[in-house]
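Note sheet for the following structure.
The values are calculated or read from the model by the stated rules, or taken from the named source; none is laboratory data. If you're wondering where the values come from, they're calculated on a predicted model, not measured in any experiment. All Cβ positions, glycine included, derive from the backbone under ideal geometry; neighbour counts span all protein chains shown. Keep in mind that these areas ignore ligands, DNA and RNA; they rest on the heavy atoms of the full protein, side chains included. Shrake-Rupley method; radii C 1.70, N 1.55, O 1.52, S 1.80 Å.
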Amino acid sequence: MPAKHIGAICRRCNILEATLTVRSDPLCRDCFVKYVHTKVIKRMEAFRTRHSTADQTRVLLLPVSFGVSSITLLHILDGHLKAQNERTGRKGFALHVLFVEEELSTREELEKKVGFLKERYGRHEFSSIHLSQIFKSGGNSDEISQTRMEALFSTIKSATSLTDVAIILRTRLIVQFAQDSNCEGILWGDSTTKLAEKVLSETAKGRGFTLPWQVADGMSPYGIPFYYPMRDVLKKEIIAHLDLVSPPLSPLLANGILAPTIAPPSAKNTTIDILMRQYFESVEESYPSIVSNVVRTTSKLQAPLDANISLCKLCKLPVNDDKLGIHGWGGDQAILTDADEDRLGLCYGCSRAVGREGAALLP
Amino acid sequence: MAPTPCELCSINRALILRPKNHQKLCKTCFISTFESEIHHTITTTSLFHPGERIAIGASGGKDSTVLASVLKTLNERHNYGLELILLSIDEGIKGYRDDSLETVKRNAQQYDMELKIVGYDELYGWTMDQVVEQVGKKGNCTYCGVFRRQALDRGAAMLGVQHVVTGHNADDMAETVLMNLLRGDLPRLSRSTSIMTSTPSAAAAAVPSQTKPSLTNIKRSKPLKYAYEKEIVLYALHKKLDYFSTECIYSPEAFRGSARTLIKNLEAVRPSAILDVVRSGEDMAKLVPGYEDTCAGKCAGSTGAGAVEEEEAGCGSAAGRSGGGEMSKMEQHLTRNERADEEELEIEIKLPIQVEFLKDPANDAIPLRKKGRKGVKSASTPQSSGKPVTKQTMGSCENCGYLSSQKVCKACVLLEGLNKNRPKVAVETSTDGEIVSMQQAREELPGAVAQMSVDQS
Amino acid sequence: MSTIETTSEPKPKETEKSLSITVEFTGGLEMLFSNQRKHKITIPARTISGKTPTIKFLVQYLCENVMKDPRKELFVLDESVRPGILVLINDADWELEGEANYEIQDGDEILFVSTLHGG
């Protein structure tokens, strides 16, 4: 975000010259960094030191993906905890950092990046876990879990469905880990922009009913609260912030992550998520308030309060009105019979991603 | 490539690749599947009851032509017992509507249906040509949009019909869902997803002794709600139906243009995406605070508040024009509000609700209706929406009885303005002093419409 | 890619220099082609590279020789038909016939219909 107002004075401190324009305000570097940090810390109100006791530590899980948002969140919270400790001798909470290894990163790259992180933020607990661990049951080996995961993935034909399923499994794994490690809640790094992308992409996948838990802070149906402390910061602000702190954060990121999103030329290889990311990258440029507005209003959707509702076998989210499967909705001439669909036990959105073959291989 | 047999009958050669799910079908199977899916929609939502008189909003375009053809077929095949009438609106723009009206007249013969053409002059006392003559080229689209919205209902009321069906298809529904998400308009989102809504309208036969017309509920439904636009085109093609096409013009600067592009791209990635968006919309509607869960949208549940503001996607030119710059305007409005919040400006607080809200911005227990129209914190700056933040109560227009949140509905307000200034000569200056002749405006309108298609592509 | 007919069908004779086909435009596309829906056109039996003309070739040919409207972008995008335009070859969806690589035959009826219009 280059400064539109050359030579203008920072609107906040009125002292220094502005180096960036943030939502039409010229800001100097220090005020901008403060702006970003304040937005995040404000969201951590519930975890101030006065709310914790000396002996009991509240642990929050912070999954990182080497993307801009989660790394920035780690940096900001690390600084915040340090400051809390210096001021009061206590911390409001403890962080447990988690990375989920997936197929995409190579071993060497991952280890190098993890090394950098531990170097800088070593005072926190770090864990890593492979995505296939979600398939672990009854004490079977890692190899078997890996094989089971590959078997499931091989039944999924399109890029968009594959991405979809991988993200769902990743979320389930993170939740499971948080519960196993006595974490009180999960801190997700999603920026305003990412949340807006989710609103549209989940809608496009037939998963509109899950939005209350995917964009709003609060108790998730998994029994553990989800927090999105970066929800008031735009992705482009996070990117601008990366190298304004010292030491800069870019070296910690996965390679190539700062390039603008380009969809693969063939529609067959594009995913719905990439489409929405591209879309909001351009909307964010000219209409940032519209992006925030999408998130703000969608966060008002209220999750249904019914008990006794069925959980989808893949995403494990409660389906309202107990309507698992498609069941001829929308005039759909279902290929499966009603009884079959009930047995598969998938919500509408997951039925689109996973077929009958895959449904049998779910963890 | 070797010919592939149809996936359903395995006998005929597959000629059609179904856009909905990429199934390969022969002509016969495609046609019967398309028809039976609409039949399924109609029966599962209990859309009609025997003996009902239905007015089909007919524009001569592909959607309404297919709608008329399918309804006729199903009515006969399954004995719905319906009386079907074609209802067409003539805005009175010479050269623009003529072709589509000719098509509707042919349709009436082809389908053996009664046709009623209702003109703006009959409904309002003004044709669009006359409005343009009065107000010039710039303001006229507002008029057309407002008039058009009410025209179908008023026309039906004139015919004594209480149920209107329109050709809105799955693509339209999906666009509306995305559009309302982008605008942050949850109440409208929840209203737009129902297959049927109702609007009170002046009854055709008002009780003579009363000075004010009495209200009746006119139902509006969309039987093609789950039908893909591409499939509608294919159906019309293979059944050799007669329809008229105009180039579709939606400015990309408007939310609908943006949503339309997204839908097209989504469809390319995953064909079921269009229906998936519609399904999400239906599910989300139930999660909007204040949603009245009557009959789960199957009957005329909602208070018709949405029907008044429902967008008429029919006239591309109107929607395109008013949409231009829509996103910039909203951005400016939102930025002003955000800035005011950050600086914590204390604006004169009129209602207790506002105080509560400002105290605890995180409190999302406040029902959306109590906020300003767009569900955004409004009235936090003096320049924001001129309307006071009161609960939107739906009453009826003092003048004509149409549903309105104001004392006098928008159409009546506009008409009042027009009637006051009705000129005695044919030529009149427009609001910005430019002399516009009726002939000039009439000539330039189709050109302007065509120009916008260039701007859009 | 092979055509629908089996190879026992005699190939276009060496003396035949052109193919006669019918091209139709509907759904508003006719506006770009002098408002005429049906066009009987002849194209060479062999392109410059010596191959049988395909739909891809036809699209370019139409743009250059038949389209009267200067707004090419309403019909083509990156040398292919614009998304939103359905192509039917002898009543069958072109995706079932090899899409842009389908080799045109004498007497073929190609239909281009736009799905992007109000109704």
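Find how many whole Å separate the alpha carbon centroid of segment A:108-147 from the alpha carbon centroid of segment A:82-103.
One Cα centre to the other: 19 Å.
Go ahead and set up a Gaussian network model of chain A, Cα springs under 10 Å, then flag whichever of A:Asp78, A:Asp273, A:Asp243 fluctuates most.
Answer for the Gaussian network model of chain A: A:Asp243.
Under the rule a/c < 1.5 gives rounded, and otherwise a/b versus b/c splits prolate from oblate, where does segment A:202-270 land using the Cα gyration tensor?
Numbers: a/c = 2.69, a/b = 1.21, b/c = 2.21.
Oblate, because a/c is 1.5 or more while a/b does not exceed b/c.
First measure r as the distance between the Cβ atoms of B:Asp99 and A:Lys316, then evaluate 1/(1 + (r/R0)^6) with R0 = 41 Å and state the FRET efficiency to the nearest 0.05.
Computed FRET efficiency for B:Asp99 and A:Lys316 comes out at 0.15.
Taking the simple approach of a point 7 Å from Cα along Cα-to-Cβ for both C:Ala100 and A:Ile167, what is their distance in nm?
3.0
Give me the count of lysine pairs in segment B:81-187 whose alpha carbons sit under 21 angstrom apart, restricted to pairs 8 or more positions apart or on different chains. Could you put the intermediate results ahead of the total?
Numbers: B:Lys94/B:Lys105; B:Lys94/B:Lys116; B:Lys94/B:Lys137; B:Lys94/B:Lys138; B:Lys105/B:Lys116.
Going through segment B:81-187 pair by pair, I get 5.
Determine the total buried accessible area between chain A and chain B, counting protein heavy atoms only with a 1.4 Å probe; round to the nearest 100 Å². Display every interim value, and only then the final one.
Working: alone 18100 and 22620 Å², together 36100 Å².
About 4600 Å² of accessible surface is lost on pairing.
Between A:Ile15 and B:Asn79, how many nm apart are label points set 7 Å from Cα along the C-beta direction?
8.8
Just from the alpha-carbon atoms, what are the Rg and Dmax of segment A:3-45 in angstroms?
Cα-based Rg and Dmax for segment A:3-45 come out at 10.9, 36 Å.
I need the calculated FRET efficiency for the pair A:Asn255 and B:Asp242, taking r as the beta carbon distance and R₀ as 60 Å, to the nearest 0.05. Walk me through the intermediate numbers first.
Working: r = 59 Å, r/R0 = 0.98.
After rounding to 0.05, the efficiency reads 0.55.
Mind running the shape call on segment A:52-91? Use the C-alpha gyration tensor, a ≥ b ≥ c as the square roots of the eigenvalues: rounded below 1.5 for a/c, prolate if a/b tops b/c, oblate otherwise. Display every interim value, and only then the final one.
On the way: a/c = 5.53, a/b = 1.80, b/c = 3.08.
Oblate, since a/c reaches 1.5 and b/c is not below a/b.
List the residues of segment A:182-228 for which accessible area in the full set of protein chains is at least 20 Å² lower than for the chain on its own; 1.4 Å probe, protein heavy atoms only.
Those residues are A:Leu200, A:Thr203, A:Ala204, A:Gly206, A:Gly208, A:Phe209.
Can you pull out the buried accessible area for chains C and B, both sides counted, probe 1.4 Å, rounded to the nearest 100 Å²? Working shown, then result.
Numbers: alone 7530 and 22620 Å², together 27540 Å².
What C and B bury together is about 2600 Å².
I'd like the carbon and sulfur percentage of the solvent accessible area for segment A:45-302, probe radius 1.4 Å, heavy atoms only, ligands and nucleic acids excluded. Kindly include the intermediate steps, with their values, before the conclusion.
Details: 5260 of 10290 Å².
C and S fraction of accessible area: 51 percent.
In a GNM of chain A with a 10 Å cut-off on Cα contacts, which of A:Leu173, A:Leu77, A:Leu258 has the highest mean-square fluctuation?
Maximum fluctuation in the GNM of chain A, among the listed residues, is at A:Leu258.
Taking 7 Å along the Cα-to-C-beta vector as the label spot, tell me the C:Leu77-C:Lys56 distance in nanometres, rounded to one decimal.
Distance between label points: 1.8 nm.
Any chance you could give the angle, 0 to 90 degrees and rounded to 10, that helix A:288-298 forms with the longest Cα principal axis of chain A?
50
I'd like the accessible area for A:Phe209, computed on protein heavy atoms only with a 1.4 Å probe and all protein chains in place. Round to 10 Å², please.
10
Can you bin segment C:17-114 into rounded, prolate or oblate? Criterion: square roots of the alpha carbon gyration tensor eigenvalues sorted a ≥ b ≥ c, rounded for a/c under 1.5, prolate for a/b above b/c, oblate for the rest.
Values: a/c = 1.43, a/b = 1.30, b/c = 1.10.
Because its axes are fairly even, with a/c under 1.5, segment C:17-114 counts as rounded.
Just by accessible area at a 1.4 angstrom probe, what is the order of A:His80, B:His49 from largest to smallest?
Values: A:His80 35, B:His49 95 Å².
Ranked from most to least accessible, the order is B:His49, A:His80.
Once the Cα atoms of helix A:68-88 and of chain A are each reduced to a long axis, what angle between those two axes, in degrees from 0 to 90 to the nearest 10, is obtained?
The helix A:68-88 is inclined about 50 degrees to chain A.
Could you tell me which trypsin sites (Lys or Arg not before Pro) in segment C:18-103 are loop residues by DSSP with no more than 16 other beta carbons within 10 angstrom of their beta carbon? Walk me through the intermediate numbers first.
Details: sites: C:Arg37, C:Lys38, C:Lys40, C:Arg46, C:Lys51, C:Lys56, C:Lys68, C:Arg71, C:Lys72; in loops: C:Arg37, C:Arg46, C:Lys51, C:Lys68, C:Arg71.
Qualifying residues, ordered by number: C:Arg37, C:Arg46, C:Lys51, C:Lys68, C:Arg71.
Indicate the residues belonging to segment B:55-99 that lose 40 Å² or more of solvent-accessible heavy-atom surface (probe 1.4 Å) upon moving from the chain alone to the assembly of all protein chains, ignoring ligands and nucleic acids.
B:Lys62
Could you tell me the calculated FRET efficiency between A:Ala8 and A:Ser127, based on Cβ-Cβ distance and R0 = 41 angstrom, to the nearest 0.05?
0.35
Could you work out the mean count of beta carbons from other protein chains within 10 Å of each residue's beta carbon in B:258-265? Don't skip to the answer; put the middle values down first.
Values: counts 3, 1, 2, 1, 5, 1, 4, 10.
The shielding value for this peptide is 3.
Using the structure shown, list the pairs from A:Lys34/A:Lys316; A:Lys235/A:Lys268; B:Lys329/B:Lys410; B:Lys27/B:Lys219; A:Lys205/A:Lys300; A:Lys157/A:Lys316 with a Cα-Cα distance above 31 Å, or answer none. Spell out each step's value before the answer.
On the way: A:Lys34/A:Lys316 39 Å; A:Lys235/A:Lys268 27 Å; B:Lys329/B:Lys410 22 Å; B:Lys27/B:Lys219 34 Å; A:Lys205/A:Lys300 20 Å; A:Lys157/A:Lys316 22 Å.
From the list (A:Lys34/A:Lys316; A:Lys235/A:Lys268; B:Lys329/B:Lys410; B:Lys27/B:Lys219; A:Lys205/A:Lys300; A:Lys157/A:Lys316), the Cα-Cα distance tops 31 Å for A:Lys34/A:Lys316; B:Lys27/B:Lys219.
Quote the accessible area belonging to B:Cys29 in square angstrom, nearest 10, computed with a 1.4 Å probe and with ligands, DNA and RNA left uncounted.
20
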